[in-house]
Amino acid sequence: MAAEFDASEFVDDDFQTARKSSGTAAPTREEVDTKVSEMHQKLADLKRTQQELERERASLEDIRRRQVEFTTGRQEMIQSLTRGVGLLEEAEFAARRDAEQMAKSLAGLREALEKVAAIHEESWSRDNLNVELTRATTAVENARMEWNAARLKFEILNGSVAEDAALEGAPATLGEALREKSYAEWCKLGLALTWPVALAALGIFVVLLVFLLR
């Protein structure tokens, strides 16, 4: 008995595969142009996205820089302002204290000036000479104490600027000063320092003499 016919036995699988592969059509020019256009579009989109990212990055970096400048500047100004406020408060307190002391000294000097200027020797008599002279001497001594106290507090009363300018060329030591000045010069200097006292004593002597001779 003859075997049944099987058509698959006469099919060459390798031939069929090669046939299918050789049957795939090559892309046309239009398809290639379309693909190229798509690639260009994708590249343009990527470039635009990159530019947007660059702008965003630059904006964020600028914000970060400004934040750092703000933080640093804020800390510097807080330190500077705190120090400035403290220094000015101390200076204001010292100036206010000095102003109060100056006002008190000014009032004391004015009062002493009024008391000394109110002394009139011509109104003294032989009977009240001793009392008036004691009173006047007391007023002068009190004025001198007030004056010396004010000079200790305020350098402006000592004429320190003029004295410093005059002492720029002065000898550095007392020995040099003594060697540079002659005996006659020291006599003149001593006379210049003592003549006010001598004159005051002479005036008092004359006043006493006048009242005693009345």
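No lab work stands behind these numbers, since they all come straight from the coordinates. Just so we're clear, the structure is a prediction, and the values are computed from it rather than from any experiment. So basically every Cβ, Gly included, is an ideal-geometry build from the backbone, and we count neighbours across all protein chains shown.
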With x for Gly and Pro, the residue-by-residue ³J(HN,Hα) of segment 27-38, computed from phi through the Karplus equation 6.51 cos²θ - 1.76 cosθ + 1.60 at θ = phi - 60° and given in whole Hz, is x, 7, 5, 4, 5, 4, 4, 5, 4, 4, 4, 5
In this structure, the FRET efficiency calculated for ASP98 and ASN158 from their beta-carbon separation, with R0 = 22 Å, to the nearest 0.05, is 0.90
Under the 7 Å Cα-to-Cβ spin-label approximation, SER123 and LYS42 lie apart by a distance in nanometres of 12.0
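Taking 22 Å as R0, compute the FRET efficiency from the Cβ-Cβ separation of VAL131 and GLU111 and round it to 0.05.
Computed FRET efficiency for VAL131 and GLU111: 0.55.
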Mean separation of Cα contacts under 8 Å (at least 6 apart) over the residue count of segment 47-164, i.e. the relative contact order in percent, is 22
